[in-house]
1. When the solvent-accessible surface of protein heavy atoms is calculated with a 1.4 angstrom probe, in what order do Thr127, Thr59 fall, highest first?
2. Roughly how many percent of the accessible protein surface of the chain is carbon and sulfur, given a 1.4 Å probe and a whole-percent answer?
3. Return an integer: the convex hull volume of the alpha-carbon atoms of region 339-458, in Å³ per residue.
4. Relative contact order (percent) for region 221-333, with alpha-carbon contacts under 8 angstrom and 6 or more residues of separation?
5. Counting Lys +1, Arg +1, Asp -1, Glu -1, what net charge surrounds Thr494 among other residues with beta carbon under 14 Å of its beta carbon?
6. Pairs of Cα atoms under 8 Å, at least six residues apart: use those to get the relative contact order of region 269-308, whole percent.
7. Along the charge dipole of region 234-371, pointing to its positive end and built from +1/-1 on Cβ of Lys, Arg, Asp and Glu, which listed residue (Pro277, Ser287, Thr238) has its Cα farthest out?
8. Give me the aspartates and glutamates in straight-line cross-link reach of Lys484: C-alpha distance below 15 Å, same-chain residues under 8 apart excluded.
Amino acid sequence: MARFTIFALQLAGLLPIANGACVKTPAAPAAGGICTTLGCQLPGLISYAGEDIYNASQTSFYTSQERDITPGCVFRPKSTADVSKFIKLISANAPKTRSGSFSPSFAIRGGGHTLWDGAANINGGVTVDMRGLDSFSLSKDLKTASLGGGAIWSNIYPQLTPHNLTVMGGRLPGIGVGGFATGGGLGFFARRHGWTSDNIYGYEVVLASGEVVYASASSNSDLWLALKGGSNNFGIVTRFDVATFPQTQMLGGIVSYNYTQDIVEAHAKAFSNLMLPKNFDDAAMLSIIIGYQNGAFTIADSLFYLEPVAKPAVYEPFTSLPTVLNTLVLDTTDGIVKAFGKILPSTLDRAVEFVYSFKNADASVYLELIQMWQTSVTSLANIAGLQVQFLIQPQAVTNGTNSMGLTAGQKDLVMVDLTIAYANAADDDTVQTAIVNMVNQQKSYLSKQGLLIPFVYLNYADKTQDPIGSYGKSAKAKLQAASKKYDPNGLFQTANSGGYKLF
């Protein structure tokens, strides 16, 4: 495939004609290629290895798998216009394969919390660090919050607190709006209002052509729906217009217990009963967190309740058990998130995460899953820095306004998230094999019981899983149609290296 000549690029306005118009930093020649072009055309927005902005971007990824990747440069836009210009330059300059598709040349990052390597970073290409687009504003009626495409949820909450409002975002500090929302988004309000994506009124999007469009229920509605679970396959979202919800104080915190068979059995029974539709309480969102570290098993609950109730009756079967620690408090969303973040690591060395979903069942099913996990985990005891987590939580009760193929109003769906954190890259294969075996064993058991459902939550999925395929053939076909319509040359399918692709 013939490349653009320098003269053609000059005529197109993509390279300066005048001598000396492009001033390279000392690091720019080493990066070369697309980074050199971008450095000329987007002065002050491109940084290179060894420079402060580049280093800050790299070190802020959550896992070492992402931190160990070395982009040629980092692009940190300050406006939608910057993103549009960048995409035009990428479209004109990205190398192509023999088949005519683009070679990977950029990746898009927000909070950088996805665990696996290459999710939001790229070797040799351009990492687009969206965190400079962190604007926030409220509509006059206070019912809509407009969030920059690189905003961080934990920075948004304190701006809403004076208005006694909140939005449906992440439950931990540092989670980015962009990846969280376009991957579905599971948060405090999941049982009352569904996924975060169910509650987004509109998106400002830079398409592969560089054109900026607005997608809503009344304008580009197919793109609007596609972005509700379809991830970064259609463009770069530079603004999210999201629903706000009244919120003064809520209950939140951790309750931990001694790990005994009686406590495990009580949890299995309590969770199974809580998930029965007849016991549904839309204010309750919780997780049972079973852990293994330093040769010992642990069990704790993260309990959240949307109303200012200190002792919700729905949680009595959990909180009435003998406890080791209870940090439950009434606080604002901002305060709950900050407190929750203090007890969790801000970064990890290496980590692998898998997710699956199933229909609620009686306590015996949960006990069987826990026993399988417990047996599997002990085989990893000698792995350096080992931390293993088996997390059980309710799935969002969707209102159906998304692209994920789920039935609206279903209240008895459960999600399991398995995570293994460890210290050394030398253990990658061992850990990956172990967690795959764990997941396959549990899914096989659930399938035989008629309980397993195909849905794989994108934001918790491993790179070897297929969340978009799990939405179903019809849902995936609609996403593919939107991709072909808004990105006919497949820029975001091939030049964009990160995330899950449609084809």
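The values are calculated or read from the model by the stated rules, or taken from the named source; none is laboratory data. Keep in mind that this is a model prediction, so the values were computed, not measured. Virtual Cβ from ideal backbone geometry, glycine too; neighbours counted across all protein chains shown. For accessibility, only protein heavy atoms count, side chains too; no ligands or nucleic acids. Shrake-Rupley method; radii C 1.70, N 1.55, O 1.52, S 1.80 Å.
1. Thr59, Thr127
2. Ligands and nucleic acids excluded, carbon and sulfur reach 52 percent.
3. That works out to 137 Å³ per residue.
4. 41
5. That works out to +3.
6. Relative contact order, region 269-308: 35 percent.
7. So the residue furthest toward the plus end is Thr238.
8. The qualifying aspartates and glutamates are Asp222.
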